[in-house]
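Let me begin by presenting the structure, written as structure tokens, before commenting on it.
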Amino acid sequence: MKVSTPFNSQRDLMKIKYGCYRIVFLIGNYAIKFPRCTCFKFFVKGLRCNKKETKISKTKCYGICKVLFSFPFGICNIMPRAIFSRIDSFSNFYNEWKLSCITEVKVEKKMDSFGLLNGEIVAIDYGD
């Protein structure tokens, strides 16, 4: 499924997004993911999420945003920045996406877990 959306305005050049276990800095064309330091348990889970994304990224699974660089122990992942976009009939899209992936990749069934990268809809949060 291809969708084209231009990069948003300059105000979107840098953003910070917060997840349960990670904080993501969206800077230019990159997403930089760090474990959250709110408590030790969340920090460790954030490390595991980064390590899992790095491992999955090395497989031949299509439809995921690949990790470009990963620091040791899951300290930081650097990925291409995908554009958040509204997906009509999200439920149908999600089922189609799950069928297209060769390996079993766990992605939450929510729109924030997907984005546009080079005109393709890809999973951007598949670490947990």
Before we move on, is residue 67 out of contact with any Phe, Trp or Tyr (no Cβ under 6 Å at 6 or more places or on another chain), loosely packed, with under 14 Cβ neighbours inside 10 Å and modelled with pLDDT of 95 or more?
no
Can you tell me how many residues within segment 63-73 are over 13 Å from the mean Cα position of the chain (by Cα) and either part of a loop (DSSP other than H, G, I, E, B) or of a type in the set (Lys, Arg) (or both)?
1
Does segment 82-128 hold any residues that are at pLDDT below 85, closer than 18 Å to residue 22 by Cα and in contact with a Cys (Cβ under 6 Å, 6 or more places away or on another chain), and which are they?
127, 128
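If we keep just the residues of segment 26-62 that are small (Gly, Ala, Ser) and either crowded, with 20+ Cβ neighbours inside 10 Å or more than 11 Å from the chain's Cα centre (by Cα) (or both), which is nearest to residue 84 (Cα to Cα)?
Looking only at segment 26-62, we keep the residues that are small (Gly, Ala, Ser), and these are 28, 31, 46, 57.
With the extra rule that they be either crowded, with 20+ Cβ neighbours inside 10 Å or more than 11 Å from the chain's Cα centre (by Cα) (or both), the set shrinks to 28, 31, 46.
Working: 28: 14, 31: 12, 46: 22 Å.
Here the answer is 31.
The values are calculated or read from the model by the stated rules, or taken from the named source; none is laboratory data. Note that the coordinates shown come from a computational prediction; the quantities given were computed from them, not determined experimentally. Ideal geometry is used to build each Cβ from the backbone, glycine not excepted, and the neighbour counts take in all protein chains shown.
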